[in-house]
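See below for the structure under consideration.
The values are calculated or read from the model by the stated rules, or taken from the named source; none is laboratory data. Bear in mind that the values here come from a model prediction, so they are computed numbers and not experimental data. All Cβ positions, even for glycine, are placed from backbone atoms using ideal geometry, and neighbour counts span all protein chains on display.
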Amino acid sequence: MRRYTALLVAVVLSACSGGGSTTTQTAETTPATTGASSAPATTAAGSPLDTRLDWIADALSRGEVTETEYEATFTSDFLEAVSHDEFVAGLQQLGGEGQLQWSVGEFEEREDTSAVVLLVSDGGEALRANIVIENVAPYRIAGLLLQPAEPPSLENPPASLDDAAAQLGELGTLELAVYDVTEGECDPVFESGTGDPMPIGSAFKLYVLGALADAVTAGEVAWDNEIAISEDHRSIPTGVLQDEEAGAQFSVRQVAETMIAFSDNTGTDHLIALLGRRAVEAAFERYGMEDPSLNIPLMDTMDLTALKLGPASGLAEQWLDADESGRREILDQISDIHPSDIPLAEWDRPIHVDTIEWFATTADMCRVLVALVEQGEPVTNILSINPGIPDDEGLFEAIYFKGGAEVGLTAMNWLVERPDGRRFVVSGSVYDTESDIDQLRATLLFGAVRDLVADL
(Lines give C-alpha, C1' and ligand atoms only; values in the text may rest on other atoms or scores of the structure.)
Protein backbone atom coordinates (compact mmCIF):
# COMPACT_ATOMS: atom_id res chain seq x y z
CA MET A 1 0.00 0.00 0.00
CA ARG A 2 0.96 3.62 -0.51
CA ARG A 3 3.23 5.16 2.09
CA TYR A 4 3.15 8.84 2.85
CA THR A 5 5.72 10.85 4.70
CA ALA A 6 4.50 11.57 8.18
CA LEU A 7 2.80 14.92 8.27
CA LEU A 8 1.42 16.74 11.25
CA VAL A 9 -1.63 18.52 9.95
CA ALA A 10 -2.35 20.20 13.29
CA VAL A 11 -2.95 19.65 16.92
CA VAL A 12 -4.12 22.52 19.04
CA LEU A 13 -5.58 21.62 22.39
CA SER A 14 -5.76 25.00 24.06
CA ALA A 15 -9.36 25.65 23.07
CA CYS A 16 -10.89 22.67 24.80
CA SER A 17 -12.13 24.26 27.98
CA GLY A 18 -15.75 24.85 28.94
CA GLY A 19 -18.64 23.02 30.43
CA GLY A 20 -21.22 20.64 29.12
CA SER A 21 -20.92 17.58 26.94
CA THR A 22 -22.79 15.59 24.34
CA THR A 23 -23.94 12.03 24.60
CA THR A 24 -21.56 9.54 23.13
CA GLN A 25 -22.96 7.85 20.03
CA THR A 26 -22.11 4.64 18.22
CA ALA A 27 -19.71 5.26 15.36
CA GLU A 28 -21.17 5.42 11.88
CA THR A 29 -19.17 4.07 8.97
CA THR A 30 -21.33 5.30 6.11
CA PRO A 31 -19.65 7.47 3.45
CA ALA A 32 -19.47 11.15 4.25
CA THR A 33 -21.94 13.38 2.47
CA THR A 34 -21.15 16.76 4.05
CA GLY A 35 -21.07 19.54 1.51
CA ALA A 36 -18.54 22.23 0.74
CA SER A 37 -19.98 24.70 3.24
CA SER A 38 -19.42 24.80 6.96
CA ALA A 39 -20.52 21.58 8.57
CA PRO A 40 -23.70 21.71 10.64
CA ALA A 41 -23.49 21.17 14.35
CA THR A 42 -25.45 17.94 14.18
CA THR A 43 -26.99 15.58 11.69
CA ALA A 44 -29.72 13.03 11.94
CA ALA A 45 -27.11 10.32 11.72
CA GLY A 46 -24.96 11.20 14.70
CA SER A 47 -23.49 13.49 17.30
CA PRO A 48 -21.49 16.70 16.73
CA LEU A 49 -18.32 14.62 16.90
CA ASP A 50 -19.67 12.25 14.22
CA THR A 51 -20.54 15.23 12.06
CA ARG A 52 -17.07 16.70 12.26
CA LEU A 53 -15.45 13.34 11.53
CA ASP A 54 -17.68 12.96 8.49
CA TRP A 55 -16.54 16.41 7.39
CA ILE A 56 -12.88 15.39 7.66
CA ALA A 57 -13.53 12.25 5.58
CA ASP A 58 -15.35 14.34 3.00
CA ALA A 59 -12.57 16.94 2.88
CA LEU A 60 -9.98 14.21 2.35
CA SER A 61 -12.11 12.80 -0.49
CA ARG A 62 -12.44 16.20 -2.13
CA GLY A 63 -8.81 17.14 -1.62
CA GLU A 64 -9.84 20.72 -1.12
CA VAL A 65 -11.45 23.04 1.40
CA THR A 66 -12.51 26.63 0.71
CA GLU A 67 -11.07 29.32 2.94
CA THR A 68 -14.56 30.26 4.11
CA GLU A 69 -15.32 26.64 4.94
CA TYR A 70 -12.00 26.29 6.76
CA GLU A 71 -12.58 29.35 8.92
CA ALA A 72 -16.10 28.18 9.83
CA THR A 73 -14.99 24.68 10.81
CA PHE A 74 -11.97 25.31 13.07
CA THR A 75 -11.44 27.38 16.21
CA SER A 76 -9.52 30.66 16.14
CA ASP A 77 -6.55 29.07 17.97
CA PHE A 78 -6.35 26.37 15.31
CA LEU A 79 -6.56 28.94 12.52
CA GLU A 80 -3.71 30.92 14.04
CA ALA A 81 -1.54 27.80 14.20
CA VAL A 82 -2.25 26.43 10.72
CA SER A 83 -3.01 28.51 7.63
CA HIS A 84 -5.58 27.51 5.08
CA ASP A 85 -2.90 26.81 2.47
CA GLU A 86 -0.91 24.64 4.89
CA PHE A 87 -3.99 22.66 5.81
CA VAL A 88 -4.98 22.02 2.19
CA ALA A 89 -1.43 20.97 1.29
CA GLY A 90 -1.41 18.45 4.11
CA LEU A 91 -4.90 17.29 3.27
CA GLN A 92 -3.90 16.57 -0.32
CA GLN A 93 -0.70 14.78 0.62
CA LEU A 94 -2.35 12.53 3.14
CA GLY A 95 -5.65 12.06 1.33
CA GLY A 96 -4.26 11.14 -2.07
CA GLU A 97 -4.93 14.49 -3.80
CA GLY A 98 -8.65 13.90 -4.07
CA GLN A 99 -8.33 10.59 -5.92
CA LEU A 100 -9.61 8.43 -3.06
CA GLN A 101 -12.93 8.25 -1.25
CA TRP A 102 -12.57 8.32 2.54
CA SER A 103 -14.93 7.23 5.31
CA VAL A 104 -14.89 6.89 9.09
CA GLY A 105 -13.69 3.48 10.27
CA GLU A 106 -13.09 1.93 13.69
CA PHE A 107 -12.64 3.97 16.87
CA GLU A 108 -9.59 3.32 19.06
CA GLU A 109 -10.73 5.77 21.72
CA ARG A 110 -13.86 7.86 22.11
CA GLU A 111 -15.16 10.50 24.50
CA ASP A 112 -17.95 13.04 24.11
CA THR A 113 -15.78 15.65 22.40
CA SER A 114 -12.65 13.75 21.42
CA ALA A 115 -11.66 10.56 19.69
CA VAL A 116 -8.90 8.58 18.07
CA VAL A 117 -10.33 6.93 14.98
CA LEU A 118 -9.17 5.27 11.78
CA LEU A 119 -10.14 6.86 8.49
CA VAL A 120 -10.10 4.41 5.57
CA SER A 121 -10.18 4.93 1.82
CA ASP A 122 -11.65 2.89 -1.00
CA GLY A 123 -8.08 2.26 -2.08
CA GLY A 124 -7.17 0.50 1.14
CA GLU A 125 -5.30 3.44 2.69
CA ALA A 126 -5.68 4.37 6.36
CA LEU A 127 -5.12 7.46 8.49
CA ARG A 128 -5.30 7.79 12.26
CA ALA A 129 -7.21 10.90 13.29
CA ASN A 130 -6.88 12.40 16.76
CA ILE A 131 -9.65 14.98 17.03
CA VAL A 132 -10.93 17.37 19.69
CA ILE A 133 -14.01 19.53 19.22
CA GLU A 134 -15.56 22.30 21.28
CA ASN A 135 -18.09 21.15 23.86
CA VAL A 136 -20.62 23.85 22.97
CA ALA A 137 -22.24 24.79 19.67
CA PRO A 138 -21.12 25.17 16.90
CA TYR A 139 -18.71 22.41 17.99
CA ARG A 140 -15.78 23.60 15.88
CA ILE A 141 -12.65 21.49 15.62
CA ALA A 142 -10.12 22.62 18.23
CA GLY A 143 -7.47 19.98 17.62
CA LEU A 144 -6.69 17.63 14.77
CA LEU A 145 -3.77 15.32 14.20
CA LEU A 146 -3.75 13.22 11.04
CA GLN A 147 -1.06 10.58 10.65
CA PRO A 148 -0.55 7.67 8.30
CA ALA A 149 -1.74 4.43 9.84
CA GLU A 150 -0.98 0.90 8.86
CA PRO A 151 -3.31 0.30 5.95
CA PRO A 152 -5.90 -2.43 6.29
CA SER A 153 -4.60 -5.71 5.01
CA LEU A 154 -5.82 -9.25 4.56
CA GLU A 155 -5.00 -11.62 7.39
CA ASN A 156 -5.02 -14.50 4.93
CA PRO A 157 -4.11 -13.09 1.51
CA PRO A 158 -5.14 -15.48 -1.27
CA ALA A 159 -2.36 -17.49 -2.85
CA SER A 160 -4.30 -18.25 -6.03
CA LEU A 161 -7.32 -17.15 -8.02
CA ASP A 162 -9.26 -20.13 -6.67
CA ASP A 163 -8.39 -19.12 -3.13
CA ALA A 164 -9.45 -15.52 -3.79
CA ALA A 165 -12.76 -16.66 -5.25
CA ALA A 166 -13.40 -18.90 -2.26
CA GLN A 167 -12.79 -16.05 0.18
CA LEU A 168 -14.94 -13.65 -1.82
CA GLY A 169 -17.68 -16.26 -1.97
CA GLU A 170 -17.81 -16.27 1.83
CA LEU A 171 -18.99 -12.65 1.69
CA GLY A 172 -21.99 -13.17 -0.59
CA THR A 173 -23.09 -14.17 -4.07
CA LEU A 174 -20.07 -13.92 -6.34
CA GLU A 175 -19.45 -13.43 -10.03
CA LEU A 176 -15.76 -13.22 -10.94
CA ALA A 177 -13.75 -13.61 -14.11
CA VAL A 178 -10.31 -12.86 -15.50
CA TYR A 179 -9.89 -12.36 -19.25
CA ASP A 180 -6.79 -12.20 -21.43
CA VAL A 181 -7.46 -9.25 -23.76
CA THR A 182 -4.00 -8.93 -25.28
CA GLU A 183 -5.39 -9.54 -28.79
CA GLY A 184 -8.42 -7.31 -28.26
CA GLU A 185 -10.81 -10.18 -27.49
CA CYS A 186 -12.10 -11.30 -24.10
CA ASP A 187 -10.51 -14.72 -23.70
CA PRO A 188 -11.48 -16.14 -20.27
CA VAL A 189 -8.64 -17.59 -18.20
CA PHE A 190 -10.53 -17.85 -14.90
CA GLU A 191 -14.24 -17.86 -14.03
CA SER A 192 -16.17 -18.29 -10.81
CA GLY A 193 -19.93 -18.06 -10.64
CA THR A 194 -22.73 -18.67 -13.10
CA GLY A 195 -21.76 -16.14 -15.74
CA ASP A 196 -25.20 -14.54 -15.36
CA PRO A 197 -25.74 -10.77 -15.20
CA MET A 198 -24.64 -9.29 -11.89
CA PRO A 199 -25.40 -6.00 -10.15
CA ILE A 200 -22.61 -3.59 -11.05
CA GLY A 201 -23.51 -0.38 -9.23
CA SER A 202 -21.64 2.64 -10.51
CA ALA A 203 -19.71 0.59 -13.06
CA PHE A 204 -22.60 1.40 -15.43
CA LYS A 205 -20.91 4.79 -15.77
CA LEU A 206 -18.50 3.15 -18.21
CA TYR A 207 -21.35 3.15 -20.71
CA VAL A 208 -22.07 6.80 -20.04
CA LEU A 209 -18.40 7.49 -20.79
CA GLY A 210 -18.72 5.44 -23.97
CA ALA A 211 -21.81 7.36 -25.09
CA LEU A 212 -19.99 10.62 -24.37
CA ALA A 213 -16.89 9.60 -26.32
CA ASP A 214 -19.10 8.62 -29.26
CA ALA A 215 -20.87 12.00 -29.13
CA VAL A 216 -17.50 13.76 -29.19
CA THR A 217 -16.37 11.67 -32.17
CA ALA A 218 -19.61 12.55 -33.98
CA GLY A 219 -19.04 16.26 -33.36
CA GLU A 220 -22.16 16.59 -31.20
CA VAL A 221 -20.22 17.49 -28.04
CA ALA A 222 -16.70 18.75 -27.36
CA TRP A 223 -14.57 17.88 -24.34
CA ASP A 224 -14.11 21.58 -23.58
CA ASN A 225 -17.82 22.42 -23.75
CA GLU A 226 -19.14 23.86 -20.49
CA ILE A 227 -21.82 22.25 -18.32
CA ALA A 228 -23.63 24.33 -15.71
CA ILE A 229 -24.64 22.62 -12.47
CA SER A 230 -28.43 22.42 -12.35
CA GLU A 231 -30.75 21.60 -9.46
CA ASP A 232 -32.67 19.40 -11.91
CA HIS A 233 -29.73 16.99 -12.09
CA ARG A 234 -28.23 17.21 -8.62
CA SER A 235 -27.79 13.78 -7.03
CA ILE A 236 -26.41 11.93 -4.02
CA PRO A 237 -24.57 10.37 -2.26
CA THR A 238 -21.11 10.14 -3.85
CA GLY A 239 -18.95 12.71 -5.52
CA VAL A 240 -17.91 16.33 -5.30
CA LEU A 241 -20.14 18.18 -7.77
CA GLN A 242 -23.20 17.71 -5.59
CA ASP A 243 -21.84 20.45 -3.35
CA GLU A 244 -21.33 23.01 -6.10
CA GLU A 245 -23.66 25.96 -6.43
CA ALA A 246 -26.25 25.93 -9.19
CA GLY A 247 -24.79 27.64 -12.24
CA ALA A 248 -21.18 26.66 -11.53
CA GLN A 249 -19.46 25.80 -14.83
CA PHE A 250 -17.29 22.78 -15.57
CA SER A 251 -15.96 21.37 -18.82
CA VAL A 252 -17.41 18.16 -20.18
CA ARG A 253 -14.04 16.51 -19.62
CA GLN A 254 -13.92 17.66 -15.98
CA VAL A 255 -17.39 16.23 -15.37
CA ALA A 256 -16.40 12.94 -17.03
CA GLU A 257 -13.30 12.77 -14.86
CA THR A 258 -15.30 13.24 -11.67
CA MET A 259 -17.82 10.63 -12.85
CA ILE A 260 -15.13 7.97 -13.23
CA ALA A 261 -12.46 8.94 -10.70
CA PHE A 262 -14.83 9.94 -7.87
CA SER A 263 -17.90 8.02 -9.03
CA ASP A 264 -19.63 11.40 -8.98
CA ASN A 265 -23.38 10.89 -9.22
CA THR A 266 -24.24 14.52 -9.89
CA GLY A 267 -21.72 14.61 -12.73
CA THR A 268 -23.14 11.37 -14.11
CA ASP A 269 -26.70 12.67 -14.16
CA HIS A 270 -25.61 15.90 -15.84
CA LEU A 271 -23.89 13.91 -18.59
CA ILE A 272 -26.94 11.67 -19.05
CA ALA A 273 -29.07 14.81 -19.37
CA LEU A 274 -26.60 16.26 -21.89
CA LEU A 275 -26.53 13.13 -24.03
CA GLY A 276 -30.10 11.93 -23.50
CA ARG A 277 -31.14 8.64 -21.90
CA ARG A 278 -31.60 6.93 -25.24
CA ALA A 279 -28.05 7.74 -26.31
CA VAL A 280 -26.69 5.89 -23.29
CA GLU A 281 -29.20 3.06 -23.85
CA ALA A 282 -27.88 2.72 -27.39
CA ALA A 283 -24.35 2.54 -26.03
CA PHE A 284 -25.20 -0.61 -24.08
CA GLU A 285 -25.52 -2.61 -27.28
CA ARG A 286 -22.82 -0.70 -29.14
CA TYR A 287 -20.30 -1.54 -26.42
CA GLY A 288 -21.13 -5.23 -26.41
CA MET A 289 -23.72 -5.72 -23.66
CA GLU A 290 -25.37 -9.08 -24.27
CA ASP A 291 -28.79 -8.12 -22.85
CA PRO A 292 -29.28 -4.32 -22.85
CA SER A 293 -32.94 -4.73 -21.91
CA LEU A 294 -31.85 -5.29 -18.31
CA ASN A 295 -30.95 -1.59 -18.15
CA ILE A 296 -33.63 -0.09 -20.39
CA PRO A 297 -35.06 2.34 -19.61
CA LEU A 298 -31.89 3.75 -18.11
CA MET A 299 -32.12 4.92 -14.53
CA ASP A 300 -29.87 7.81 -13.70
CA THR A 301 -28.35 7.79 -10.21
CA MET A 302 -31.11 9.91 -8.68
CA ASP A 303 -33.75 7.61 -10.17
CA LEU A 304 -32.17 4.56 -8.58
CA THR A 305 -31.79 6.26 -5.21
CA ALA A 306 -35.38 7.51 -5.28
CA LEU A 307 -36.77 4.07 -6.13
CA LYS A 308 -34.77 2.42 -3.36
CA LEU A 309 -35.27 5.08 -0.72
CA GLY A 310 -37.51 8.05 -0.16
CA PRO A 311 -40.70 9.31 -1.78
CA ALA A 312 -40.54 6.99 -4.79
CA SER A 313 -39.81 3.81 -2.85
CA GLY A 314 -43.52 2.99 -2.92
CA LEU A 315 -43.21 2.65 -6.68
CA ALA A 316 -40.48 0.02 -6.45
CA GLU A 317 -42.84 -2.93 -6.78
CA GLN A 318 -44.61 -1.26 -9.70
CA TRP A 319 -41.23 -0.76 -11.34
CA LEU A 320 -40.39 -4.44 -10.98
CA ASP A 321 -43.71 -5.47 -12.56
CA ALA A 322 -43.73 -2.86 -15.35
CA ASP A 323 -42.62 -3.22 -18.96
CA GLU A 324 -40.34 -0.68 -20.64
CA SER A 325 -43.16 1.74 -21.36
CA GLY A 326 -44.46 1.54 -17.81
CA ARG A 327 -41.02 2.11 -16.39
CA ARG A 328 -40.55 5.20 -18.51
CA GLU A 329 -43.79 6.55 -17.08
CA ILE A 330 -42.49 5.92 -13.57
CA LEU A 331 -39.28 7.77 -14.38
CA ASP A 332 -41.40 10.72 -15.51
CA GLN A 333 -43.31 10.59 -12.22
CA ILE A 334 -40.19 10.76 -10.06
CA SER A 335 -38.26 13.29 -12.13
CA ASP A 336 -38.90 16.11 -9.63
CA ILE A 337 -37.51 14.29 -6.58
CA HIS A 338 -34.63 16.27 -5.08
CA PRO A 339 -31.72 14.99 -2.94
CA SER A 340 -33.20 16.80 0.03
CA ASP A 341 -36.20 14.45 -0.22
CA ILE A 342 -34.05 11.37 0.38
CA PRO A 343 -33.51 10.04 3.94
CA LEU A 344 -30.00 8.89 3.14
CA ALA A 345 -29.21 8.01 6.77
CA GLU A 346 -31.78 5.21 6.50
CA TRP A 347 -29.79 3.43 3.79
CA ASP A 348 -28.22 1.06 6.28
CA ARG A 349 -29.26 -2.22 4.68
CA PRO A 350 -29.37 -3.71 1.17
CA ILE A 351 -32.36 -2.39 -0.76
CA HIS A 352 -33.33 -4.21 -3.97
CA VAL A 353 -29.63 -4.80 -4.55
CA ASP A 354 -30.39 -7.63 -7.00
CA THR A 355 -33.51 -6.19 -8.64
CA ILE A 356 -33.39 -2.38 -8.91
CA GLU A 357 -29.87 -1.94 -10.15
CA TRP A 358 -27.69 -1.72 -13.21
CA PHE A 359 -26.70 -5.16 -14.51
CA ALA A 360 -24.03 -6.68 -16.73
CA THR A 361 -22.03 -9.87 -17.01
CA THR A 362 -18.30 -10.02 -16.42
CA ALA A 363 -17.95 -10.53 -20.19
CA ASP A 364 -19.96 -7.34 -20.78
CA MET A 365 -17.62 -5.46 -18.47
CA CYS A 366 -14.65 -6.88 -20.30
CA ARG A 367 -15.95 -5.79 -23.71
CA VAL A 368 -16.76 -2.23 -22.66
CA LEU A 369 -13.37 -1.76 -20.98
CA VAL A 370 -11.53 -3.07 -24.04
CA ALA A 371 -13.53 -0.83 -26.37
CA LEU A 372 -12.97 2.25 -24.24
CA VAL A 373 -9.24 1.71 -23.82
CA GLU A 374 -8.87 1.21 -27.56
CA GLN A 375 -10.09 4.79 -28.06
CA GLY A 376 -6.94 6.22 -26.51
CA GLU A 377 -6.70 9.69 -25.01
CA PRO A 378 -8.51 11.36 -23.33
CA VAL A 379 -10.65 8.33 -22.48
CA THR A 380 -7.66 6.37 -21.21
CA ASN A 381 -6.56 9.36 -19.13
CA ILE A 382 -10.00 9.49 -17.51
CA LEU A 383 -10.01 5.76 -16.78
CA SER A 384 -6.52 5.83 -15.24
CA ILE A 385 -6.96 8.67 -12.73
CA ASN A 386 -8.18 6.33 -10.00
CA PRO A 387 -6.55 2.86 -10.05
CA GLY A 388 -9.03 1.52 -7.49
CA ILE A 389 -6.18 0.18 -5.36
CA PRO A 390 -2.68 1.67 -5.66
CA ASP A 391 -0.10 -0.45 -7.46
CA ASP A 392 2.75 0.26 -5.07
CA GLU A 393 4.79 -2.69 -6.25
CA GLY A 394 4.76 -1.47 -9.83
CA LEU A 395 3.24 -4.67 -11.20
CA PHE A 396 1.56 -2.98 -14.17
CA GLU A 397 2.45 -0.48 -16.87
CA ALA A 398 -1.11 0.82 -17.03
CA ILE A 399 -4.27 0.45 -14.92
CA TYR A 400 -7.80 1.41 -16.02
CA PHE A 401 -10.55 1.07 -13.43
CA LYS A 402 -14.19 1.59 -12.52
CA GLY A 403 -15.93 0.07 -9.54
CA GLY A 404 -19.30 0.30 -7.91
CA ALA A 405 -20.60 -0.08 -4.39
CA GLU A 406 -23.62 0.39 -2.20
CA VAL A 407 -24.85 -1.23 0.97
CA GLY A 408 -24.65 -4.96 0.31
CA LEU A 409 -22.69 -4.69 -2.95
CA THR A 410 -19.10 -4.31 -4.12
CA ALA A 411 -18.18 -4.49 -7.81
CA MET A 412 -14.69 -3.98 -9.26
CA ASN A 413 -13.47 -3.84 -12.86
CA TRP A 414 -9.91 -3.38 -14.11
CA LEU A 415 -8.07 -3.52 -17.38
CA VAL A 416 -4.35 -3.82 -16.66
CA GLU A 417 -1.29 -3.96 -18.86
CA ARG A 418 1.77 -5.88 -17.68
CA PRO A 419 5.38 -4.89 -18.47
CA ASP A 420 5.50 -7.73 -21.02
CA GLY A 421 2.65 -6.09 -22.96
CA ARG A 422 -0.05 -8.64 -22.09
CA ARG A 423 -3.37 -7.16 -21.05
CA PHE A 424 -5.99 -8.61 -18.71
CA VAL A 425 -9.44 -7.66 -17.48
CA VAL A 426 -10.55 -8.49 -13.94
CA SER A 427 -14.27 -8.14 -13.36
CA GLY A 428 -16.30 -9.15 -10.36
CA SER A 429 -19.27 -8.44 -8.14
CA VAL A 430 -20.15 -9.76 -4.70
CA TYR A 431 -23.45 -8.97 -3.02
CA ASP A 432 -25.85 -9.95 -0.26
CA THR A 433 -29.56 -9.18 -0.42
CA GLU A 434 -30.14 -9.46 3.33
CA SER A 435 -27.26 -7.71 5.08
CA ASP A 436 -24.30 -5.50 4.34
CA ILE A 437 -21.05 -7.10 3.33
CA ASP A 438 -17.54 -6.31 4.49
CA GLN A 439 -16.81 -3.89 1.65
CA LEU A 440 -13.23 -3.22 2.68
CA ARG A 441 -12.44 -6.94 2.71
CA ALA A 442 -14.21 -7.38 -0.63
CA THR A 443 -12.19 -4.52 -2.11
CA LEU A 444 -8.90 -5.93 -0.85
CA LEU A 445 -9.76 -9.41 -2.15
CA PHE A 446 -10.67 -8.10 -5.59
CA GLY A 447 -7.41 -6.15 -5.50
CA ALA A 448 -5.57 -9.37 -4.69
CA VAL A 449 -7.14 -10.95 -7.79
CA ARG A 450 -5.87 -8.05 -9.88
CA ASP A 451 -2.36 -8.40 -8.50
CA LEU A 452 -2.34 -12.18 -9.04
CA VAL A 453 -2.79 -11.44 -12.74
CA ALA A 454 0.81 -10.21 -12.76
CA ASP A 455 2.00 -13.82 -12.52
CA LEU A 456 -0.37 -15.53 -14.94
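Can you tell me which of Val449, Val370, Val425, Val453 is touching a Cys at 6+ places or on another chain (Cβ under 9 Å) and either in a helix (DSSP H, G or I) or outside the structural domain of Thr266 (by TED's automatic domain parsing) (or both)?
Details: Val449 fails: touching a Cys at 6+ places or on another chain (Cβ under 9 Å); Val425 fails: either in a helix (DSSP H, G or I) or outside the structural domain of Thr266 (by TED's automatic domain parsing) (or both); Val453 fails: touching a Cys at 6+ places or on another chain (Cβ under 9 Å).
Within the list Val449, Val370, Val425, Val453, the selection yields Val370.
Out of Thr238, Thr268, report the one residue that is buried (at least 21 other Cβ atoms within 10 Å of the Cβ), closer than 26 Å to Pro343 by Cβ, assigned by TED's automatic domain parsing to the domain that holds Asn295 and modelled with pLDDT of 95 or more. Spell out how you get there, then give the answer.
On the way: Thr238 fails: modelled with pLDDT of 95 or more.
That would be Thr268, the only listed residue that is buried (at least 21 other Cβ atoms within 10 Å of the Cβ), closer than 26 Å to Pro343 by Cβ, assigned by TED's automatic domain parsing to the domain that holds Asn295 and modelled with pLDDT of 95 or more.
Is it true that some residue in the range 398-406 is buried (at least 22 other Cβ atoms within 10 Å of the Cβ), in contact (Cβ under 8 Å) with a residue 24 or more places away in the chain, within 14 Å of Thr443 (Cα to Cα) and not small (Gly, Ala, Ser)? There is at least one residue in the range 398-406 that is buried (at least 22 other Cβ atoms within 10 Å of the Cβ), in contact (Cβ under 8 Å) with a residue 24 or more places away in the chain, within 14 Å of Thr443 (Cα to Cα) and not small (Gly, Ala, Ser). A single entry from Glu317, Glu290 fulfils the requirement of being surrounded by fewer than 17 Cβ atoms within 10 Å (Cβ to Cβ) and without any contact (Cβ under 8 Å) to a residue 12 or more places away in the chain: Glu317.
Looking for something surrounded by 16 or more Cβ atoms within 10 Å (Cβ to Cβ), basic (Lys, Arg) and either out of contact with any helix residue (DSSP H, G or I) (no Cβ under 9 Å at 6 or more places or on another chain) or touching a residue at least 24 places away in the same chain (Cβ under 8 Å) (or both) - is there at least one such residue anywhere in the range 323-330? Please lay out each step first, then the result.
First, pick out the residues of the range 323-330 that are surrounded by 16 or more Cβ atoms within 10 Å (Cβ to Cβ): 327, 330.
Checking which are basic (Lys, Arg) leaves us with 327.
Remaining after also requiring either out of contact with any helix residue (DSSP H, G or I) (no Cβ under 9 Å at 6 or more places or on another chain) or touching a residue at least 24 places away in the same chain (Cβ under 8 Å) (or both): 327.
The answer is yes; a qualifying residue exists.
Considering only residues of the range 317-361 that are among the charged types (D, E, K, R) and assigned to a loop (DSSP other than H, G, I, E, B), which is farthest from the chain's Cα centre (by Cα)?
Top of the filtered list is Asp323.
Of everything in the range 140-182 that's among the acidic types (Asp, Glu) and in contact with a strand residue (DSSP E or B) (Cβ under 9 Å, 6 or more places away or on another chain), which residue is surrounded by the most Cβ atoms within 10 Å (Cβ to Cβ)? Step by step, filter the range 140-182, then rank; the result is Glu175. Test Asp364 against the criterion of being among the acidic types (Asp, Glu), within 28 Å of Gly195 (Cα to Cα) and part of a helix (DSSP H, G or I), and give yes or no. It is true that Asp364 is among the acidic types (Asp, Glu), within 28 Å of Gly195 (Cα to Cα) and part of a helix (DSSP H, G or I).
Reported count of residues in the range 243-276, each being free of Cβ contacts under 8 Å to residues at least 24 places away in the same chain and either of a type in the set (Lys, Arg) or farther than 17 Å from Leu331 by Cβ (or both), is 7.
Can you report the number of residues in the range 113-146 which are modelled with pLDDT under 85 and either not small (Gly, Ala, Ser) or not assigned by TED's automatic domain parsing to the domain that holds Asp50 (or both)?
Initial filter on the range 113-146 (modelled with pLDDT under 85): 122-125.
Of the ones still in play, those that are also either not small (Gly, Ala, Ser) or not assigned by TED's automatic domain parsing to the domain that holds Asp50 (or both) are 122, 125.
Counting residues in the range 113-146 that are modelled with pLDDT under 85 and either not small (Gly, Ala, Ser) or not assigned by TED's automatic domain parsing to the domain that holds Asp50 (or both) gives 2.
Ile334 meets the conditions (1) under 17 Å from Met299 (Cβ atoms); (2) in contact with a strand residue (DSSP E or B) (Cβ under 7 Å, 6 or more places away or on another chain); (3) aliphatic (A, V, I, L, M) in every case but one. The failed one is (2). Here is a check on your reading of the model: is Glu231 surrounded by fewer than 18 Cβ atoms within 10 Å (Cβ to Cβ), at pLDDT 95 or above and charged (D, E, K, R)? Criteria met by Glu231.
With respect to (1) at pLDDT 90 or above; (2) surrounded by 20 or more Cβ atoms within 10 Å (Cβ to Cβ); (3) within 23 Å of the chain's Cα centre (by Cα), the lone exception for Gln101 is condition (1).
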